[in-house]
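The values are calculated or read from the model by the stated rules, or taken from the named source; none is laboratory data. Quantities reported herein were computed from a predicted structural model and do not represent experimental measurements. Because the Cβ atoms are built from the backbone with ideal geometry, glycine has one as well, and the counts that use them run over all protein chains shown.
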Amino acid sequence: MEQFCNNSCFEEDKKCIAPLYGKASVDFVKGKGSYLFDAEGNKYLDFVSGIAVNALGHAHPAVVKAIQEQAAKFTHVSNLYPNENQIHLARKLLANSDFDKAFFCNSGTEANEAAIKFARKYFNRNGQPDRAKIVTFFNSFHGRTFGALSATGQPSLREGFGSMPGDFVHVSWNDVEALKAVVNESTCAIMLEPLVAEGGVMTISSEMVTTVNGLREKFGCLVIADEIQTGMGRLGTFLGSEFYGLKADIASLAKALGAGLPLGATLMSQKIADSLKPGDHGTTFGGNPVACAAGLAVVNEITKPLFLESVKERSKEMKAGLTMLASKYSFLGEIRGEGLLLGVCSEKPVADIITLARAEGLLILRAGANVLRFLPPLNVSAAEIEEALQKMDKVLAKIC
């Protein structure tokens with residue numbers, strides 16, 4: 001395979017890849033644990049984790065072994081036949097949550113598409129075909145396919161794509177009165193992220209949790225928890241809804257689930273599954289045996305005794321360090337998030353800070369317009385947390 005130097009690779013990318021991403025001029029060639037290495041031998045502490053995908057870091061031995069062993073057997077058989085890895089993974093996901101059935105797909109947006117379809121099909125099959133309205137929130141992000149994009153509460157992302165599927169209503173995050181005003185007997189579902197990630201690392205209030213749970217009980221509407229970024233241990237609990245006490249009928253998973261391979265899942269209660277039949281939904285590649293083998297390796301690791309306790313400990317250390325930096329640098333503001341999905345508001349341009357951090361050997365990203373987001377691997381060490389904070393201190397000193 002032809003190799004390019006750092007700048008050449010960046011230029012070649014622009015020549016042949018659709019211009020849909022603002023990519024950095026860096027050529028990563030390998031990763032190990034919490035670190036990535038570029039073609040020039042530079043080392044980067046990775047607190048992006050492939051946007052919350054690499055929950056166990058890079059080249060984790062259990063994941064590598066699982067992928068290699070399954071690839072040597074077969075890589076695909078389709079969903080016309082049972083898939084042993086799917087079954088084992090489904091059992092593990094259900095055993096660690098309050099759901100009864102799993103559907104596997106390829107990505108987060110597909111998991112959310114399935115969740116939307118399953119919710120509406122549930123009411124249709126139960127004699128309420130007009131009960132299709134789904135309430136979501138401004139600043140939310142649920143994916144880029146048309147259904148998931150319609151659910152997403154960021155109008156700028158829908159601009160220029162024509163008409164969107166209907167029956168979606170958006171209200172402000174944590175505005176319980178606005179939510180109460182739109183939820184009624186015609187509501188199909190309330191769809192929300194337990195913690196708004198892409199939209200600014202915004203925590204759900206306890207009042208909002210109580211309100212959502214109460215409306216679900218009062219009107220019999222469903223609750224769809226978008227766990228794409230908050231699930232799989234990211235908040236220190238297996239699912240983010242568990243962390244907040246949010247009661248859900250359907251949950252969507254992806255990102256960390258596949259350990260870097262395309263894999264999503266929609267978990268559902270038995271009553272939702274009972275409303276489905278063959279042909280209602282499907283996928284060619286979803287639940288691929290290699291991806292499910294990797295997913296099983298991830299779930300086995302994060303459900304080991306004390307693993308999630310370690311996530312909570314690292315979270316405390318990271319929060320304490322960010323709080324110290326915010327007290328030192330006046331342009332930093334509120335510390336947001338839970339677990340290892342953390343953010344800090346900045347009055348200075350976030351893009352500049354991210355660029356300087358990369359030059360310092362630290363990879364971070366943004367959330368919303370003015371929030372720096374930190375997504376380290378869930379098995380990050382205390383020493384690596386301290387290293388990241390020291391690098392941030394050096395970067396922020398240059399911004400002043």
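If you go through region 89-123 and pick out every residue that is over 21 Å from T237 (Cα atoms), without any contact (Cβ under 8 Å) to a residue 60 or more places away in the chain and more than 16 Å from the chain's Cα centre (by Cα), you end up with 0. The residues of region 304-350 that are among the charged types (D, E, K, R), within 15 Å of M232 (Cα to Cα) and out of contact with any Leu (no Cβ under 6 Å at 6 or more places or on another chain), listed by number, are K304, E309, K312. The residue of region 173-208 that is farthest from the chain's Cα centre (by Cα), among those that are without any contact (Cβ under 8 Å) to a residue 60 or more places away in the chain, buried (at least 20 other Cβ atoms within 10 Å of the Cβ) and over 29 Å from N124 (Cα atoms), is I204. Quick one: which strands (runs of 3 or more DSSP E) sit completely within region 1-77 and have at least 2 residues that are outside the structural domain of F285 (by TED's automatic domain parsing) and farther than 30 Å from V196 by Cβ? By residue number, 28-32, 35-38. Each residue in region 289-311 was checked for being assigned to a helix (DSSP H, G or I) and either surrounded by fewer than 16 Cβ atoms within 10 Å (Cβ to Cβ) or not small (G, A, S) (or both), and 13 pass. Of everything in region 258-288 that is polar (S, T, N, Q) and touching a strand residue (DSSP E or B) at 6+ places or on another chain (Cβ under 6 Å), the residue that is surrounded by the fewest Cβ atoms within 10 Å (Cβ to Cβ) is T283. Selection of region 124-172 for residues being surrounded by 20 or more Cβ atoms within 10 Å (Cβ to Cβ) and more than 21 Å from A197 (Cβ to Cβ) yields only R131.
The condition (being under 23 Å from the mean Cα position of the chain (by Cα) and buried (at least 21 other Cβ atoms within 10 Å of the Cβ)) is satisfied by just one residue among G368, G339: G339. If I ask for residues that are more than 18 Å from the chain's Cα centre (by Cα) and either under 20 Å from S107 (Cβ atoms) or of a type outside the set (G, A, S) (or both), which ones from region 151-172 would you list? Answer for region 151-172, where residues must be more than 18 Å from the chain's Cα centre (by Cα) and either under 20 Å from S107 (Cβ atoms) or of a type outside the set (G, A, S) (or both): P155, R158, E159, F161, M164, P165, D167, F168, V169, H170, V171.
For region 32-78, a tally of residues being touching a Cys at 6+ places or on another chain (Cβ under 9 Å) and of a type in the set (S, T, N, Q) returns 1.
Filter region 78-103 down to the residues that are assigned to a helix (DSSP H, G or I) and on the phi > 0 side of the Ramachandran plot and list them by number. Walk me through it before giving the result.
Start the filter on region 78-103 by keeping residues that are assigned to a helix (DSSP H, G or I), which leaves 84-95.
If the condition is that a residue be assigned to a helix (DSSP H, G or I) and on the phi > 0 side of the Ramachandran plot, then no residue fits.
Residues checked against (1) among the hydroxyl-bearing types (S, T, Y); (2) closer than 14 Å to I250 by Cα:
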{"position": "H88", "(1), (2)": "no, no"}
{"position": "L93", "(1), (2)": "no, yes"}
{"position": "A102", "(1), (2)": "no, yes"}
{"position": "T109", "(1), (2)": "yes, no"}
{"position": "Y122", "(1), (2)": "yes, yes"}
{"position": "D130", "(1), (2)": "no, no"}
{"position": "R144", "(1), (2)": "no, no"}
{"position": "P155", "(1), (2)": "no, no"}
{"position": "G160", "(1), (2)": "no, no"}
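Check region 204-222 and report whether any residue there is among the β-branched types (V, I, T), in a strand (DSSP E or B) and not assigned by TED's automatic domain parsing to the domain that holds L378. Talk me through it step by step, then tell me what you get.
Pass one, region 204-222, residues among the β-branched types (V, I, T): 204, 209-212.
Now restrict to residues that are in a strand (DSSP E or B): none.
No, region 204-222 contains no residue that is among the β-branched types (V, I, T), in a strand (DSSP E or B) and not assigned by TED's automatic domain parsing to the domain that holds L378.
Take the conditions (1) crowded, with 17+ Cβ neighbours inside 10 Å; (2) part of a loop (DSSP other than H, G, I, E, B); S252 misses just one of them, which is (2).
Taking region 263-286 as the range and being assigned to a loop (DSSP other than H, G, I, E, B) and either more than 18 Å from F99 (Cα to Cα) or basic (K, R) (or both) as the test, the residues that pass are L263, K277, P278, G279, D280, H281, G282, T283, T284, F285, G286.
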